[in-house]
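First up is the structure itself, then whatever we jot down about it.
The values are calculated or read from the model by the stated rules, or taken from the named source; none is laboratory data. Since the structure is predicted, the reported quantities are computational estimates derived from the model, not experimental observations. Cβ sites come from the backbone with ideal geometry, for glycine too, and all protein chains shown count toward neighbours. When the accessible area is computed, the model is the full protein with side chains, heavy atoms only, and any ligands, DNA or RNA have been set aside. Shrake-Rupley method; radii C 1.70, N 1.55, O 1.52, S 1.80 Å.
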Amino acid sequence: MKNIELTIPKLGESVASVQLVRFTKNIGDFINEDEIIAEVSTDKVDSDVPSTKAGKIIEFKFDEGDEIKIGEVFAIIEPSENELNLVDNSTIIEEKTTQPNLTSQPTNKVDSNQFLSPLVKSIIQKENLQTEDISQIIGSGKDGRISKNDVLNYIKNKSFTSNHSSNTLSQNTVVSSTSIGAKDEIIEMDKMRQMILKHMKHSKQTSPHVTAYVEPDVTNFVKWREENKGAFEAKYKQKLTFTPLIVDCVVRAIKDFPMINVSVDETETKIIKHNEINIGIATALPNNNLIVPVIHQANELNLEGLAKHVNTIVDKARTNKLSPDDIRGGTFTISNVGTFGNLMGTPIINQPEVAILATGVIKKKPAVLETEFGDIIVARQFMYLSLSFDHRVIDGSLGGVFLKRISDYMENWDVNTQI
């Protein structure tokens with residue numbers, strides 16, 4: 001029978017490619033239909049890829065850490081369905097002949113016990129990278145293995161550095177040697193933390209960040225939520241946190257200033273104005289990592305819909321049940337630093353978006369109010385809002401009035417709003 005080509009299946013409407021995390025089988029292993037052959041990653045979400053047929057694995061087309069397009073062939077198997085139907089898979093594995101394991105055997109050794117695949121080595125040789133360059137590349141593959149994309153990103157950033165500033169170091173350069181004491185603990189970054197690291201550094205290198213601040217009086221905002229959260233939960237079976245209320249104000253402000261809801265194309269000569277308003281909610285995970293699930297088409301949702309979506313995506317994030325589509329397509333992000341008791345923050349833009357809002361803790365403060373009998377001092381509820389925006393496309397005027405509009409919607413929240 002003809003050999004079977006296994007391809008990367010569609011994992012979501014907006015997913016164009018994945019990163020190969022690891023193969024769960026080796027060359028020469030037998031695999032049943034629907035048995036997992038590989039684990040792949042889309043941003044920060046891992047997915048299993050099953051085999052569509054039963055047979056013996058005879059070739060892997062990629063190395064761990066490589067990027068693979070949806071629909072691309074990543075493995076070849078030799079069909080042997082009859083044999084698999086007669087024997088339990090565990091027995092077959094015990095009886096199989098020894099075959100080369102391309103996922104675990106070292107390929108090319110390049111100084112300091114660093115092993116590279118043939119593809120990676122060819123890129124290094126073509127670009128004339130030296131040993132010191134290789135030592136600066138942070139591998140995103142299994143056990144820190146350097147992938148093709150790691151090398152290409154290093155080359156891109158090295159070129160950017162050379163062209164723009166001879167005094168600026170490459171993003172992968174170790175700035176100074178760190179002194180390690182005898183009792184110090186060295187902690188290996190997990191894959192998600194490495195991805196966050198690269199994403200944040202890329203954002204700061206891509207976008208000139210400007211941050212603006214306002215401090216709205218949210219007394220009516222807080223009062224309405226306190227008075228209605230019980231009835232809201234009883235009616236809609238959804239908890240009413242401050243987050244959907246803030247999202248509602250942000251969406252209204254974006255409708256007023258749609259040029260906030262944009263991206264910059266790769267050539268940096270065109271602005272992509274998005275029709276949908278997709279709000280990302282930065283969510284802290286139990287392992288101290290961060291992920292940003294997205295409320296898609298938030299501009300089409302009422303308060304009930306926003307509350308339901310917020311509760312759903314946050315719960316899925318904290319229980320590791322997000323799908324690739326759940327974290328794709330965001331056009332604006334909200335980060336609630338007030339959750340940690342912080343007054344304010346200077347958030348880093350979530351690329352390819354051009355703005356991100358941080359919301360601080362709500363605190364009672366004395367305020368001066370004007371009355372017909374003169375000024376009086378009363379206790380009111382305040383919170384800081386801070387907006388970081390991309391100065392390539394958003395000037396201080398637009399960023400400032402947009403942030404003030406969010407503040408106005410919160411300050412003027414109608415206490416007579418019906419649930």
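Numbers for the structure displayed
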{"quantity": "Which numbered condition Ile68 misses (of (1) out of contact with any strand residue (DSSP E or B) (no Cβ under 7 Å at 6 or more places or on another chain); (2) open to solvent by less than 40 Å² (accessible area, probe 1.4 Å))", "calculated": "(1)"}
{"quantity": "Number of positions in the stretch 240-282 that are part of a strand (DSSP E or B), surrounded by fewer than 21 Cβ atoms within 10 Å (Cβ to Cβ) and either free of Cβ contacts under 8 Å to residues at least 60 places away in the same chain or of a type in the set (Asp, Glu) (or both)", "calculated": "2"}
{"quantity": "Residue match in the stretch 258-265 (condition: at pLDDT below 95 and either within 30 Å of Lys363 (Cβ to Cβ) or among the charged types (D, E, K, R) (or both))", "calculated": "yes"}
{"quantity": "Residues that are closer than 18 Å to Pro352 by Cβ, of a type outside the set (A, V, I, L, M, F, W, C) and more than 15 Å from the chain's Cα centre (by Cα), drawn from the stretch 264-295", "calculated": "Asp265, Glu266, Thr267, Glu268, Thr269, Lys270, Lys273, His274, Asn275, Glu276"}
{"quantity": "Enumeration of residues in the stretch 3-18 that are open to solvent by 20 Å² or more (accessible area, probe 1.4 Å) and either touching a helix residue (DSSP H, G or I) at 6+ places or on another chain (Cβ under 8 Å) or without any contact (Cβ under 8 Å) to a residue 24 or more places away in the chain (or both)", "calculated": "Leu11, Glu13, Ser14"}
{"quantity": "Residue within the stretch 213-225 that is of a type in the set (S, T, N, Q), at pLDDT 95 or above and open to solvent by less than 30 Å² (accessible area, probe 1.4 Å) present", "calculated": "yes"}
{"quantity": "Residue match in the stretch 352-372 (condition: assigned to a strand (DSSP E or B) and at positive phi)", "calculated": "no"}
{"quantity": "Count of residues meeting criterion [hydrophobic (A, V, I, L, M, F, W, C), assigned to a helix (DSSP H, G or I) and open to solvent by 20 Å² or more (accessible area, probe 1.4 Å)] in the stretch 393-419", "calculated": "2"}
{"quantity": "Any chance Gly345 is small (Gly, Ala, Ser), more than 20 Å from Lys239 (Cα to Cα), open to solvent by 20 Å² or more (accessible area, probe 1.4 Å) and in a loop (DSSP other than H, G, I, E, B)", "calculated": "no"}
{"quantity": "Any hit, the stretch 4-17, residues being assigned to a loop (DSSP other than H, G, I, E, B) and either at pLDDT 90 or above or of a type in the set (Val, Ile, Thr) (or both)", "calculated": "yes"}
{"quantity": "Residue list for the stretch 19-46, filter: open to solvent by less than 20 Å² (accessible area, probe 1.4 Å) and either on the phi > 0 side of the Ramachandran plot or modelled with pLDDT under 85 (or both)", "calculated": "Gly28, Ser41, Thr42, Val45"}
{"quantity": "Boolean, Asp375 is within 20 Å of Met192 (Cβ to Cβ), among the acidic types (Asp, Glu), open to solvent by 30 Å² or more (accessible area, probe 1.4 Å) and without any contact (Cβ under 8 Å) to a residue 40 or more places away in the chain", "calculated": "no"}
